[in-house]
1. Students often check this: by mean Cβ neighbours within 10 Å, which of C:80-93, A:69-82 ranks highest, and how do the rest follow?
2. Tell me, how many Å apart are the Cα centres for the stretch A:1-76 and for the stretch B:156-171?
3. Over the alpha-carbon set of chain C, work out the extent along each principal axis and list the three values in angstrom, largest first.
4. Percentage of Cα-Cα pair distances in the stretch C:190-267 greater than 14 Å, rounded to whole percent?
5. When the expected Rg is taken as 2.2 N^0.38 Å, what fraction or multiple of it is the alpha-carbon Rg of the protein assembly as shown?
6. Once each part is reduced to its C-alpha centroid, what is the distance from the stretch A:383-402 to the stretch C:1-42 in angstrom?
7. Could you tell me what a quarter of the Cα convex hull surface of the stretch A:10-52 works out to, in nm² with one decimal place?
8. Starting from the Kirkwood Rh over alpha-carbon pairs, what translational D in µm² s⁻¹ does the stretch A:52-124 have by Stokes-Einstein at 25 °C and 0.890 mPa s?
């Protein structure tokens, strides 16, 4: 166990947010069952009061998740010194089966919390709480994911065994790594990838169904459990590696390899196309008020391509080294902390774009006829500004890169 | 313009100390008139006032404001309407201690998010109207009863409301100040405002300027006489 | 924009009401600042020390080879130097001479070291500031030493090491190889350990393994391992301290919660009035949250700034008694200021976040006060 202050801080933060969300989930259940706007009973009044509390909780959760996302990566980076061969966050995260799953879950819960805040804000504009049920179902869906993330993070930090000199008789560490498990060549990559994709698709589909229609909540819960299983298995199958270079260089075979090995130029072209489509669709939406769903789709595509491009193409230009694909080293001081700007703008733009899509099915609701399109327009503008910043910084980095 | 239809209000529903404050009240308050709710303490006039003013929700029944149903509006919207439509004057004035007269007058307008400068000007204009411009920066603790009364009225007027609601306004005032108060209300009626007052003071109930007296007893209306 | 003006007005009101209740809030603010100060001092101090260690070790040799006899460190024969030098990838091998000397007069333990290129000549020594202080020796004085066979050796203090290096050189005495051997009776053919320079860092572990195989009675220690161990120790130590301080932190959080939850009747009345005159629950909640935010921000900034001054200008003067212990040679040092965003973020998570969580529910309770009660007087 590593008693690093950052680790203690992260665990404390996770514990508190998890507790808050579980508390909120209980009230979500009560609200879903007993909400009746027409009644003036004291129960209804107290439920309405309670929604203020839950909204404040979620605002805190969203802020914490964003902060803890960056602190987590920073901590993993700092702890890389303690493990032979780990040179940056990528290496530390790879030490056991919990590292990358924790990161993915943190990202996911941040996005969900952000979406919740957008839906909540929209709901408040309607005089009859039109989205109240949707909102609280989304909360019920987010709560277990946050708890899973907290558990994964705890597991991650608790299973650390730093390579320090513990015995005075011998202290040789080296390229052997620090653990057993399969080597890279034995990874059953393709089946695992397939399982992960299927699990994610099922979760997203059932989650959306549950949130919009309010049915099959138990099916959704089952898929969440399945996803956790797959993710944990995935984590264990990744052998603890010694060098983050091996993970992200083009030499070896692994899933990240497939991403990293992607040819740079076509990838950047794909990103540029997605980017252009998003901006065009956004402009259309702002001008004519239609195409919200399409915008959300393009925006998500830009988000996905942006992530892939950051790993395999853009980082390469920043490092000026064709084999260095690590997505975390760009957060270092020597690169001017440019990583924060790139990842930050990409994520914020992504959440805003997703928000437009999330609100799209509710355009027909009476009490929101004026408010909802206005909110969507604001979100579109926000997404376009963030993506624009991302595109601008990327272009700038590529142009001043020593690689050209 | 304010209509109450079969309104009930029960406190502590389902508990041993359940108390029915208002029973089946149907009432229409006319605009640009002075209406007085008369009745002994415990008759439910204060509860009725808070329901009329959108401060409390009825347990059953409907409320319409200018024809719009506001019974089940979320608090956010109700308060927004209340801010712009109603001005309250309380029995004990209820000014916020520790801040100046001017700040007290400006307080109800803070949540509206208007420019601080404009708000200040409006508040000063109101205070000038009541002859309190010189005392605008003074802390409220140092004011006399009459001055506090005028500050309370100024505060009620800051958002230019259509309806003024006053709960036992003359309870802590002498005859002279009470008369002054009633004159003030008459003046406000001439300006087009609606006044609703709750009182058991004969000075108020039997004043000539009052258009209508509604009598209450045990949460019910007993008489709804209209005075010319 | 309307909502910005609205928040501005609410913040104005919040700050004014905080100032109105100066006494109650001042005491709380002081405690909050103290908590942040303690945690921040611990974190800054350990991180700065860690950075110093890392910077120092940068100049250390990539490998140090020590000889082990019966599980204990023994002197190493210089004949091993040739054997190691022959290994491919080794740039240079050097025998190092160093040891400890206990001075019964001052009760201090000195570290004696023969540096590469000792310029003062035989019979002369250079001493660190701590040594100079405890033995009350100045440049030009002669210090007496007791050799291994009981004789007296007199060595002249040719120079005192600069105080800028005090953190590492406080208890250090530099001397020539001949004097060292005379003092400790270490024969010519052995050294304390060997320092090995390796050209390519990627080869260190391979070379270390080769050395261990070739000379089975030795253990090679890589610089990276020392670094890692130091790192772990520093982190571990500061983490333990934080856990100990967590008791105080918890008490503070309970205090904060209690204070926030214990709404005085005066405050309750004020909130009731606000709601009666047109503020809704959201506005009052915003006010309460701004209250918490301004207190937190002030305490956080004050605590961090005070901790920075404490650690980097007074060299952690409050920790001195704890760290000094029995040490006679406690160095007077000035740490290089170092703080980064991750430290501040961790501090934020440990202090402001628990405070925020503890005060959300009381803030909400305050905001949901019923204005009806005000109407009834």
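Here, each number is a calculation from the coordinates, and none is a lab measurement. Computed from a prediction, not measured in an experiment: that's the story for all the values here. Here the Cβ is made from the backbone with ideal geometry for all residues, glycine too, and neighbour counts use every protein chain on show.
1. Going from most to least packed, we get A:69-82, C:80-93.
2. 41 Å
3. Answer, in whole Å and largest first: 99, 48, 39 Å.
4. Considering the stretch C:190-267, 77 percent of its Cα-Cα pairs are separated by more than 14 Å.
5. After normalising by residue count via 2.2 N^0.38 Å, the value is 1.22.
6. 39 Å
7. So the Cα hull casts an average projection of 3.2 nm².
8. Calculated translational D: 182 µm²/s.
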